[in-house]
Structure formats: structure tokens, C-alpha cells
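Take a look at the structure below.
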Amino acid sequence: MSSENNHDILIIGAGIAGLGAAYRLRENDVVVLETNNFAGGRTESRQLGDYVYNAGAQVIMGDSSPVAQLADELGVPRTLIKKSRVPLFFHGKLYSARTQPGLLNQLPLPIVEKVRFILTNLAIKRHYGELVGKNFDPTDPLVEQLNAVTAQEFLRPASDRMVDLWNTISTIADGESIDCTTPYHPIMIMLQFLEKEYAVTGGTHQLTLAMARKLGDRVWTNHRVFSVEEKSDRVEVQVNSPSGPRTLYAEQAILATPGPVTRDLVKGLPDSKLSVLANLEYASQTSAAVLLDVPTRNYLPDGVWRIPVSGHRSCAITDPSFFYPAEYRDSCGTGILRIYTGDLESRYLQSLSREEALERIVEDLDDMFPRIQERIIDSDIRHWPMANVRWRPGHTALIPKLQTPIGRLHFCGDYTGAGYLNGSLVSGQRAAKEIKTSKGELCC
């Protein structure tokens, strides 16, 4: 066996979890294997005309979150999102106000429902506010409470319009309606929206690209792994590389791939791990962007970055030009909107051709902003078939089992923790810590 085929650690998957693990293990002989021709996974950002938009992960939550700390450590600049208005597209109309109570006051809801919504939110903040900024622990009694029943059972909305309002929040958070998912992510999203949000300058992809640069030639793109198997004294990884099939060996390996992919890749997993992986389901999401021949402010009120959307195929709209200097936007004379959908709409869009899917998205956008399609000069679309793990009641009981290493194999990714950007990064750092501990190294 040549030395180039033998390594201390092999990591399968170059998303933020896999790269986060590799970055913490960079003093070792570590190699990251990635199927795609670029690293970054769901942090992907794309250029459309004069602007970069995030096709995947959007923002950094808070000043002290794991991702915020990583960005600062890497020297990746982040910009505070200076939102001055709270918007909502609800039942055919765009509402916006300077405060959440002001927005609620404008909505076409009976006063008794508004009062109940306020009281519910105050109770949520009082009982669960301490979870914001706290390390995720699936055994925390508060986390378990938010995963014991569906969000609909937990929130008990009293009317169809209140169901619509909560479904808007739930679809943004989990891609699904409140009768399907647990309240954990919708409530955490609501609580975190009250915190500072930051955009990564140049797109969220800059985070993972910065880690990839630190790792240099140890990130191997265009390497599709098709088999991982633990042997008596090492891990054997079969991979299709640009030069043909290869067999790689390592003392230990980290699977930083979605749960279903991990289940299919690893040979000889015990039934206990296979059964818990078999319980995982994923919700889809589709991101699209349209480039306009006029500034975005022609359609969105000043101070509005993100609009939750109720009663449409889309679940939210954001303005990627929001972070650019006013002088730049004025000189360009163009604008951009990023649109994203929940699971059901995304699955339907994936059944269409690219042109048909974009036409359907633009049709929905034009229904909200009449004649906007006449202003579109370019567009883009990205489907994420495995965007988020579905959190069904009792899901958190699976997480410790999903995290547990099996011999020389370690597991990370969104499905092994709280999910999203922070949860995925932390899962990779946890896997790196497991390896450092097994090697008797001091952990960071």
C-alpha cells in the first residue's frame, strides 16, 4: 500500500460539520473526501448579477454562537443585519411595523386572538428563553418538553388564521406545518429572531471556504465515497476519484454525511445503529433568486430584510442586496430577491424541469408583487432534497444514539444534534473531540 492511501483520519463530507471536524483536527494527517466539485455543502452561496445570495444557510445568530466564534477565529467578516421593521405577508397583503406588537396590531385577527398570541409568546419567552445561547442538550427537560408533542398540540391555535400564522413560522423553521413537526425549532427560531443576526460578508459559503483554505490540499473534491468498512485494525474507504477507483485506509473515520447516506455507505453497522438511522426522515427545501432591473427597495419597505410569507407557495423572501452599501446598490441600479419554500412545495418543484420550477416560483412572486416578472432579468434555483431532519415527537431521544461512535467510526452532521448551522458545526467539533480523546490529546 502506498503512503498516500494511508491516513490518520478520513472525513467523508465537506459541509460545515465535516470541515469543522477537520479544522479542529488539522494538526493530524486528516483528509476530507467530498463528492461535489466544491466544499461547503449547504453553506453554498451563488453569484447572480451584481450580488451574491445564499442558496443554503442564511445567517449567524448572535455574537457568541459557535459559528460566530468560528467566523471571528477565521477572520471571516460578518455584518450586523440592521433590521428596522418587522414584516409579514399575510392573507394577500404585506404588513410591516417597527415592533412585533405593532405588526400584530395591524393583522386582520380578532382582538381576543391577538391577546392570546401575545400571552403565548410571553409564556414561551419566560419558560424557554434560557435555551437561547445555551449548548444544546437533548436530555434537557426543557428541550424534551418541546419535543414531546406536535407544535399544534403544544400551541393549540384557536382559529384557521392562527394556524396559518404559526404554520408560517413552522415552515420557515422546519419546512413543515405545525401538525407534523415538534415546537422546538419554530420556538427557537422565534426566540432567536429577537437576537442579533449577522450576514457573512460575501455569503455564508465564505465560512466553509476559509476552513477549506486552512486545510489546503487535504480537502479532496470530486471524490465519491461508495463504501466505508471498519476492519480489525483500521477503516477501509472505497472511493471513486477523478483518476479512477481507489481504496483508502485510516486509523479512524468521521461520517459527516446525511443520515440516509451514512446508513447506505457504512458496511457492517450493528442493528442498534441501523435501526435508529432508519427512523430518520428529511424535509426538502428549494431556494431561488431573481435579479431585477430595478432596486429591491421598489418592492420591499425600508428596513426590511426578510419577509415571512403566509398563504403562498413560498414561505419567505429575503433581500440579499440588504448587506451591500447603498452607494453600490445605487451604482448597479439592480435588485435581487431570494425566495424559499417548505417541504411539500419543494418536492413538487423538484418534479418539474428547471424552467418550469422557476416559472412557478415567479408566478407566486408576481401574485405578491404584481408585474414584478416584467422586471426579472435573470434567475437561479437550488433544490435541497435533504435540507432538514424531520423532528417528530420523541426525536430528541434518538440523538444520543445517533451520536454514539461505533469502534473507529464517528458520526456528525445535522441529524446528530440541534441541526442548522450551529448544530452542524458543533456536531463536527464533537466528533473531533472524540478522536482527540481517543488519541490522548488535549481537547479544544
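The values are calculated or read from the model by the stated rules, or taken from the named source; none is laboratory data. Keep in mind it's a predicted model, so treat the numbers as computed, not measured. For neighbour counting, all protein chains shown are included, and Cβ atoms are generated from backbone atoms with ideal geometry for every residue, glycine included.
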Among residues of segment 402-444 being assigned to a helix (DSSP H, G or I) and aliphatic (A, V, I, L, M), the residue nearest to the chain's Cα centre (by Cα) is LEU421
For segment 179-202, the count of residues that are in contact (Cβ under 8 Å) with a residue 24 or more places away in the chain and assigned to a helix (DSSP H, G or I) equals 8
Log entry, pairs with first residue in segment 341-360 being free of Cβ contacts under 8 Å to residues at least 40 places away in the same chain, second being of a type in the set (Lys, Arg), beta carbons closer than 9 Å, six or more apart or on different chains, reads TYR348/ARG313; TYR348/ARG360; LEU352/ARG360
Considering segment 65-80, residues that are over 18 Å from the mean Cα position of the chain (by Cα) and outside any helix (DSSP H, G or I), and then whichever is surrounded by the fewest Cβ atoms within 10 Å (Cβ to Cβ), we arrive at GLY75
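Do we find a residue being more than 17 Å from GLU34 (Cβ to Cβ), touching a residue at least 24 places away in the same chain (Cβ under 8 Å), among the charged types (D, E, K, R) and surrounded by fewer than 21 Cβ atoms within 10 Å (Cβ to Cβ) anywhere in segment 248-257?
Scanning segment 248-257 turns up at least one residue that is more than 17 Å from GLU34 (Cβ to Cβ), touching a residue at least 24 places away in the same chain (Cβ under 8 Å), among the charged types (D, E, K, R) and surrounded by fewer than 21 Cβ atoms within 10 Å (Cβ to Cβ).
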Pairs returned, first residue in segment 1-27 that is over 21 Å from ASN37 (Cβ atoms) and hydrophobic (A, V, I, L, M, F, W, C), second residue that is modelled with pLDDT under 95 and surrounded by 24 or more Cβ atoms within 10 Å (Cβ to Cβ), beta-carbon separation under 9 angstrom, 6 or more apart or interchain, are none
Out of (1) farther than 24 Å from ARG313 by Cα; (2) assigned to a strand (DSSP E or B), the one PRO87 does not meet is (1)
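One line per residue, one yes/no per condition, for (1) under 18 Å from the mean Cα position of the chain (by Cα); (2) at pLDDT below 95; (3) assigned to a strand (DSSP E or B):
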{"position": "ALA357", "(1), (2), (3)": "no, no, no"}
{"position": "ILE361", "(1), (2), (3)": "no, no, no"}
{"position": "LEU365", "(1), (2), (3)": "no, no, no"}
{"position": "ASP380", "(1), (2), (3)": "no, no, yes"}
{"position": "PRO385", "(1), (2), (3)": "yes, no, yes"}
{"position": "PRO400", "(1), (2), (3)": "no, no, no"}
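Which residue out of SER64, SER84 is over 20 Å from PHE136 (Cβ atoms) and touching a Gly at 6+ places or on another chain (Cβ under 8 Å)?
The unique qualifying residue is SER84.
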Of the candidates GLU229, GLU251, GLU236, GLU176, the one satisfying the condition of being assigned to a strand (DSSP E or B), of a type in the set (D, E, K, R) and in contact with a Ser or Thr (Cβ under 8 Å, 6 or more places away or on another chain) is GLU236
ALA57 fails exactly one of (1) assigned to a loop (DSSP other than H, G, I, E, B); (2) modelled with pLDDT under 95; (3) farther than 19 Å from VAL426 by Cα, namely (3)
Of (1) out of contact with any Cys (no Cβ under 7 Å at 6 or more places or on another chain); (2) at pLDDT below 95, PRO405 satisfies every one except (2)
Scanning segment 19-46 residue by residue, those in a loop (DSSP other than H, G, I, E, B) and within 18 Å of LEU74 (Cα to Cα) turn out to be LEU25, ARG26, GLU27, ALA39, GLY40, GLU44
GLU144: passes all of (1) in a loop (DSSP other than H, G, I, E, B); (2) more than 30 Å from VAL200 (Cβ to Cβ); (3) not aliphatic (A, V, I, L, M) but (1)
